[in-house]
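The block underneath contains the structure these notes are about, expressed in structure tokens.
Read the figures in this text as sums done on the coordinates, not as results from a lab. None of these values were measured; they are calculated from a predicted model. Please note: Cβ atoms are built from the backbone with ideal geometry, for glycine as well, and neighbour counts cover all protein chains shown.
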Amino acid sequence: MPVFGKGRKRRERTEFLETEVYRAPAESKHFSRRLYRAREKWNFEETSYKTIEKKFFRIFGKTSFIETRFEQAKRPVVTVDWGCGNGRAISELAKKFGKKIAAYGFSKDSFKEWSGIDNAKLVQATQEDILRYLKDNSVDLLFSNWGLRHFFWERNALLQKEKIVQGAFYVKRLFQKIRPEGMIAFDIPNRIAWQAKKELEKLLRRKAKIIVDKDSAAREGRSILYIVKAA
Ligand SMILES: C[S@@+](CC[C@H](N)C(=O)[O-])C[C@H]1O[C@@H](n2cnc3c(N)ncnc32)[C@H](O)[C@@H]1O
């Protein structure tokens, strides 16, 4: 169920982007040959639900957050994939949990695969549009795989601290959309995970519990940040 633009009537429908857009040309000076080869093998936009399940263990591990929440609330658990790419993970997740969830995917790009998905609502929206689209206190779970991390990471070391502060401010705004005892979870490079946690704690004092899980299985050195809203 794709919604283009902000889902408003009369808004121009945006063209699908071909995923090839993300493939760097072989001769690109910005990518080393090794990285380029890795990019060729791994499509950045189509992570499976299986990978998400493994990576976000606190949500989908032994006791699934969605199952538990559904048992308590007796209504579909509103679940958002921030930066959903081609929608594969959110669609597979919707298939797994069926009536137990209301599944949404957001991305600033749209993908041709979206037109084949009818069990999740996929919305093309920028980071600001997303905030307008979601009501305050309406989301149970918002996760982001290779999405929100970009708001925290800066190649230029001198600007890194500022970037983390800005990222934390954006997440604070997203946090308003989360219901009590709901959760935001996203991956982040190890080296900045604790700084990000500190910054978020400053902004969300007493409103949230923030947990950093180092993902030791990941080769690129990443952690998962879980932000759980107080009751
Ligand atoms: C690297 S892809 C990851 C896609 C998917 N989560 C996966 O794991 O396969 C990043 C996604 O985030 C979206 N994205 C990046 N920056 C964004 C922004 N500022 N606002 C909205 N979406 C954004 C992109 O359009 C893309 O769908």
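Could you sort out which of LYS163/LYS207; LYS50/LYS161; LYS54/LYS108 sit more than 29 Å apart by Cα distance in this structure?
LYS50/LYS161
Determine, for each peptide in 165-177, 201-213, the mean count of other beta carbons within 10 angstrom over its residues, then list the peptides with the highest first.
165-177, 201-213
Compare the peptides 77-85, 113-121 by average per-residue count of other Cβ atoms within 10 angstrom and give them in order, highest first.
The peptides rank, most packed first, as 77-85, 113-121.
Greater than 32 Å separation of Cα atoms is the criterion. Which listed pairs, LYS99/LYS197; LYS74/LYS172; LYS112/LYS198; LYS55/LYS198, meet it?
Beyond 32 Å between Cα atoms: LYS99/LYS197; LYS112/LYS198.
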